[in-house]
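Every number here is computed from the coordinates shown, using simple stated rules; none is lab data. This is a predicted model, so every value here is computed, not measured. Using ideal geometry, Cβ is built from the backbone for each residue, glycine included, and neighbour counts are taken over all protein chains shown.
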C-alpha cells in the first residue's frame, strides 16, 4: 500500500518550522485587512450602511433588486444579526480581493504562455475539487484559529474562477485586433492594457462575480475554525439542533449572497 499522508504531514511540519516568521507576517497583514474592512462597515450607523448599499443597488440594477436590498438588509438588522453579517461581508470581500489580486495576473500569465496554462490547469482542478474541509488543516497549522485561516482557506477555494475566466477572456480577444494593434507599433504592455484587458473585461468581471460567490460558500466551513460571522450562527443551529437559529442564519446568508450576486453581475452586464 502507498500512503502519501505522512509525506504531506512532513511537508507541512517543515514549512511550519522553517517559515513560522513568514506566516506570522502574513497573518498580521491579513487580519489587518479584514479588521479594517469590518471597521468600515461597523463604524457608521446600520441605517447609513443600508442606505449606501441600497443606493449602489439602485444605480447598478433595477427597482426589484433595490427593494430586495433594502428589505433584506433591514430584515437582517431586525433579526439581530447585523454585526455577524458585517463580519461575514468583511471576510468575504477581503478574501475575494486577495484572491483577485493573485488570480487575475496568474490568468493573464496563463493566457500569454500556453505552457504555463497547461501546467496551471491541473493545479486549478485540484483547488476546485479538493473538499473545502481539507484546506482548514494546513490553515489552522499555519495561522491558528480565527479569521486568518478562514480567509486563507477561502482564498484558495475562490481563486480558480478568477484565473480561469481571466485566461478565457484574454484568449478570446480576436486575433485580427491583436495583429492590427501590433502593426501600429504597440508594445506588449500597451496591447495588454489598452486592447486585451478592455475587451476581456466582461469575462473577467464574470470571474470576479464567481470568486465572490465561491468565497461566500465558505462561510459556514470557515466558522468551524472560529472565523465568526453568519457561519457561526448557522453552525450553532446545526450543532445545537436549533432549527430556528440555523434557518435565520441561513436566510441572512442567502440575502447577502443575492445582493452581492446581483450587484457584481451588473458591472459585467454594463460593460457588455
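Between residue 245 and residue 43, the FRET efficiency from the beta-carbon distance, with R0 = 41 Å, is close to 0.90.
Beta carbons within 10 angstrom, averaged per residue: use that to sort the peptides 178-184, 86-92, highest first.
On the way: 178-184: 11.7, 86-92: 25.0.
So the order, starting with the most tightly packed, is 86-92, 178-184.
Report the Stokes-Einstein translational diffusion coefficient (µm² s⁻¹, integer) for the stretch 1-80, Rh taken as the Kirkwood radius over Cα pairs, at 37 °C with viscosity 0.692 mPa s.
Numbers: Rh = 16.7 Å.
Answer, rounded: 197 µm²/s.
Compactness ratio for the chain: Cα radius of gyration over 2.2 N^0.38 Å (N = residue count) comes to 1.12.
In percent, what relative contact order does the chain have, based on Cα pairs under 8 Å that are 6 or more apart in sequence?
Details: 322 pairs, mean separation 63.1, N = 272.
Relative contact order, the chain: 23 percent.
All C-alpha pair distances within the stretch 6-135, sorted into 10 Å bins from zero, spread as 10, 23, 30, 23, 12, 2 percent across the bins.
Of the residues 61, 74, the one with the fewest other Cβ atoms within 10 Å heads the list, and the complete ranking is 74, 61.
Between residue 79 and residue 10, the simple spin-label model (points 7 angstrom out along Cα→Cβ) gives 4.9 nm. Legend: Rg and Dmax of the stretch 103-172, from Cα coordinates, 13.6, 42 Å.
A straight chain from residue 29 to residue 267 at 0.36 nm per residue would run longer than the Cα-Cα distance by 82.8 nm.
Each of 176, 261, 125 was scored by other Cβ atoms within 10 Å of its Cβ. Arranged with the fewest first, they read 176, 125, 261. Please find the FRET efficiency linking residue 2 to residue 102, where r is the Cβ-Cβ separation and R0 is fixed at 35 Å, and quote it to the nearest 0.05. Result of the calculation: an efficiency of 0.60.
Net length available on complete extension from residue 190 to residue 18 is 57.8 nm, with 0.36 nm assigned per residue and the Cα-Cα distance removed. Remark: the residue 257-residue 129 segment gains 43.9 nm on full extension, using 0.36 nm per residue and subtracting the alpha carbon distance.
Neighbour counts of other Cβ atoms within 10 Å put 94, 171 in the fewest-to-most order 171, 94.
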